[in-house]
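Asker: Structure incoming, see below.
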Amino acid sequence: MKNNISIICLFLIGVLFGCINQPEQPKLGFEAAELIDISSLKNKYRAFEGDYFLIEEDIAIEGEVILDDKGGNIYKQAFIQDASEGLVVLFTNAGACYQGEKIIINLKGLYLGNYGGLIQLGEAPYNYNGQERLAGIKLSNRWIKESGGNITQPQQLSIEEIMQSSKDSYLVEIQDAMIVESQLNRTWADAENEQSANRNLTACGYGSDILVRTSGYADFADVKVPNGKGSFIAVVSTFNGTPQLLLRDPEELDMEGSRSCEDIGDGEIIFEENFDAQAGNGIIEIDAWYNFAEVGEQRFTVDNFNDDISARISAFGTGKELVKSHLVTAPVLLPAAASQLSFSLKGGFFVQDGLSIRITTESVDTEAEILTVNWENLPVQLPTIPSIGWSNWMAVGGISLEKYAGKSIRISFYYEGDEDNSTTYQIDNIKIYTNH
């Protein structure tokens, strides 16, 4: 009898401790739905022709949080990612979930929309200051946290691969990366005035830049950008169709190496102009360049906002029936090796496609000859400019000059508009560089 009691006790103890050691299974709070990957979800919106797509199917997504709002760089949202792609999820509260958590979201009844081309998931849209936007998801039974402490490995990609990809909202690592020289010793943003800022990131082997966007509310807004070269980890976002990066934490960066690219066989920078030597807000004046007002007496001017100097052109406020303006670079002798052109572009109050990028191999020795030589339009797809307000700085790169190898060329930024067609453009960080 005692033996039987002992056996029963041991059984009960085993059951008791077995239950204690057994991890608690997540309770969905909603009926199980079919799991689909994030890319399949976003493709539903990409195939949709309206602004807001109501999800009516019993489907769900699962993803790991790769960027939360704890650090202040984003607010009331999170970026999640699975093996296919990433997605921005809007919430009604800050701190809804944290980096490293895996969450499941029941999608039925939620909406997909986009802000500046970035696809977002949220509740039904509402009116905010005359504009519709998605509401955040309430802290309810629409989503659950499966686990925490997960580590998402970043994809190792080049800036070129990021710029050419149709995907966004995923974690990347860029090797041999560095902040452009003109922005060294600056902070990531303006913490004192709580103003967001853009910094330009470039990398050995790719002459163009990609923007790093940082909120003035970020915990690291007042931290200086790194002076060296190395590994840069960030989340790919997009604005007006142009990729940009969101930093998670400067502590993730390993950028203490030499800025030289000679050790990895980088392509040579042949020509570069960032306008930093231009003073005040006057006319752009650079040796061997031409800043020519063909019609309308409007020339490219210096824009000096927050010490970020660039060249600016617009027909706004001129009262002119026609404005034609040319900003022509100094002559550049291209090497026999294939080369490319890149620059940064910012714009506002879009009305017309007023800017084109042209090239000539003919000699230009006077302003008058700008009108007599043969100019060819370079095949440049300029980023989208908003009709209300301003875009961020956007990188335009990979413009092939291979056709002109071994020749002396000039590049012209040509603007055409009038009082009613007065899109404003700013140009900066012009580079010509070899491909290898």
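Asker: Taking the Cα centre of the chain as the origin and placing charges on Cβ (Lys, Arg +1; Asp, Glu -1), which of ALA33, PHE300, PRO243 is farthest toward the positive end of the dipole?
Answerer: With unit charges placed on the Cβ atoms, the residue in question is ALA33.
Asker: Taking a threshold of 22 Å on the Cα-Cα distance, which of the pairs LYS44/LYS108; LYS403/LYS431; LYS229/LYS403; LYS138/LYS167; LYS70/LYS145 fall above it? Show your work: numbers first, answer last.
Answerer: Values: LYS44/LYS108 13 Å; LYS403/LYS431 17 Å; LYS229/LYS403 32 Å; LYS138/LYS167 27 Å; LYS70/LYS145 17 Å.
Check vs 22 Å cut-off fails for LYS229/LYS403; LYS138/LYS167.
Asker: Counting only other residues whose beta carbon sits under 13 Å from that of LYS407, what net charge do I get with K and R as +1, D and E as -1?
Answerer: In short, -1.
Asker: Can you work out ³J(HN,Hα) from phi for every residue in the stretch 72-81, in order, using Karplus 6.51 cos²θ - 1.76 cosθ + 1.60 and θ = phi - 60°, giving whole Hz and x for Gly and Pro?
Answerer: Calculated HN-Hα couplings, in order: x, 6, 10, 9, 6, 7, 8, 9, 10, 8 Hz.
Asker: Between ASP51 and LEU35, how many nm apart are label points set 7 Å from Cα along the C-beta direction?
Answerer: Calculated label separation equals 3.5 nm.
Asker: Starting from the 7 Å offset along Cα-to-Cβ, what nm value, one decimal, do you get for the label separation of ASN43 and GLU285?
Answerer: A separation of 5.8 nm, rounded to one decimal place.
Asker: Another question about this same structure. Which FRET efficiency, nearest 0.05, do TYR75 and GLN381 yield, Cβ-Cβ r, R0 41 Å?
Answerer: Numbers: r = 32 Å, r/R0 = 0.77.
Step by step, r from the Cβ atoms, then E = 0.85.
Asker: Using the heavy atoms of the protein chains and a 1.4 angstrom probe, tell me the accessible area per residue for the stretch 286-427 in square angstrom.
Answerer: About 44 Å² of surface per residue is accessible.
Asker: Dipole of the chain (Lys/Arg Cβ +1, Asp/Glu Cβ -1, origin at the Cα centre): which of ALA315, SER342, ALA279 lies farthest to the positive side?
Answerer: SER342
Asker: In addition: Could you grab the relative contact order for the chain? Cα pairs under 8 Å, six or more apart, rounded to a whole percent.
Answerer: Details: 1087 pairs, mean separation 56.9, N = 436.
Result for the chain is 13 percent.
Asker: Using the crude model of +1 on Lys and Arg Cβ and -1 on Asp and Glu Cβ, and no other charge, please compute the dipole size for the chain relative to its Cα centre, in debye to 20. Working shown, then result.
Answerer: Details: 31 positive and 63 negative charges, 263 e Å.
That gives a dipole near 1260 debye.
Asker: Let me ask something else. Over all directions, average the projected area of the Cα convex hull of the stretch 137-230 and note it in nm².
Answerer: With every direction weighted equally, the projected area is 8.7 nm².
Asker: Also, quick follow-up: Binning at 20 Å from 0, report for the chain what percent of all alpha-carbon pair distances ends up in each bin.
Answerer: Distribution as computed: 22, 48, 22, 5, 2, 0 percent.
Asker: Right, something else. When the scattering of the stretch 111-158 is computed by the Debye formula from its Cα atoms alone, each counted once and equally, what is log10 I(q)/I(0) at q = 0.15, 0.24, 0.28, 0.29 Å⁻¹?
Answerer: Listed by q, the Debye log ratios stand at -0.66, -0.94, -1.03, -1.06.
Asker: Amide H to amide H, which residues 5 or more places from TYR170 or on other chains are under 5 Å from it, using H placed in the peptide plane?
Answerer: Result for TYR170 returns VAL236.
Asker: Amide H neighbours of ARG299 under 5 Å, at least 5 residues apart or on other chains, H built in the peptide plane: list them.
Answerer: For ARG299, no residues qualify.
Asker: Once the Cβ-Cβ distance between ASN421 and GLU268 is put in as r, and R0 is 56 Å, what FRET efficiency do you end up with, to the nearest 0.05? The partial results should precede the final answer.
Answerer: Details: r = 39 Å, r/R0 = 0.70.
Step by step, r from the Cβ atoms, then E = 0.90.
Asker: Okay, next question. Taking the chain as the reference, fit the longest principal axis to its C-alpha atoms, fit the long axis of helix 2-21 to the helix C-alpha atoms, and give the angle between the two in degrees, 0 to 90, nearest 10.
Answerer: 20 degrees
Asker: Now a separate question. Output wanted: per-residue J couplings in Hz (rounded whole) for the stretch 41-53, from phi through Karplus 6.51 cos²θ - 1.76 cosθ + 1.60, θ = phi - 60°, x for Gly and Pro.
Answerer: Here the 3J(HN,Hα) series is 5, 5, 5, 4, 6, 4, 8, 8, 9, x, 8, 10, 10 Hz.
Asker: By the scheme Lys and Arg +1, Asp and Glu -1, what is the net charge of all other residues having a beta-carbon under 13 Å from that of ALA83?
Answerer: Local net charge: -3.
Asker: If you roll a 1.4 angstrom probe over the protein chains with everything in place, what fraction of the accessible area of the stretch 308-362 belongs to carbon and sulfur, to the nearest %? Before the final figure, lay out the partial values.
Answerer: Numbers: 1050 of 1960 Å².
About 53 percent, which is the carbon plus sulfur part of the accessible surface.
Asker: What dipole magnitude, in Debye to the nearest 20, does the stretch 142-229 give about its Cα centre under +1 on Lys/Arg Cβ and -1 on Asp/Glu Cβ?
Answerer: 180 debye
Asker: Long-range amide H contacts for ALA60: which residues qualify at under 5 Å (H placed 1.01 Å from N, peptide plane, sequence gap of 5 or more or a different chain)?
Answerer: Distant-sequence amide H within range of ALA60: GLU34, LEU35, ILE36, LEU107.
Asker: For the stretch 378-395, what does the Karplus curve 6.51 cos²θ - 1.76 cosθ + 1.60, with θ = phi - 60°, yield as ³J(HN,Hα) per residue in whole Hz, taken in order and with x for Gly and Pro?
Answerer: Once rounded to whole Hz, the list reads 6, x, 10, 9, 6, x, 6, 9, x, 7, 10, x, 10, 7, 6, 5, 10, 7.
Asker: Next up: Please give every one of the lysines within straight-line cross-link reach of LYS320, meaning a C-alpha to C-alpha distance under 24 Å, and leave out same-chain neighbours fewer than 8 residues apart.
Answerer: Output for LYS320: LYS346.
Asker: With all distinct Cα pairs included, what does the Kirkwood hydrodynamic radius of the stretch 333-436 come out to in Å, to one decimal, could you say?
Answerer: Values: mean 1/r = 0.0670 Å⁻¹.
For the stretch 333-436, the Kirkwood estimate is 14.9 Å.
Asker: About the Cα centre of the stretch 213-320, how large is the charge dipole given +1 on each Lys and Arg Cβ and -1 on each Asp and Glu Cβ? Please answer in debye to the nearest 20.
Answerer: Result for the stretch 213-320 is approximately 560 debye, rounded to the nearest 20.
Asker: Could you list log10 I(q)/I(0) for the stretch 85-211 at q = 0.22 Å⁻¹, which the Debye formula gives when each Cα is one point scatterer?
Answerer: Relative scattering, expressed as log10 I(q)/I(0), comes to -1.28.
The values are calculated or read from the model by the stated rules, or taken from the named source; none is laboratory data. It should be emphasised that the depicted structure is a prediction, and the values quoted were computed from it without experimental measurement. Virtual Cβ from ideal backbone geometry, glycine too; neighbours counted across all protein chains shown. Only protein heavy atoms, including side chains, enter the accessible area calculation; ligands, DNA and RNA are left aside. Shrake-Rupley method; radii C 1.70, N 1.55, O 1.52, S 1.80 Å.
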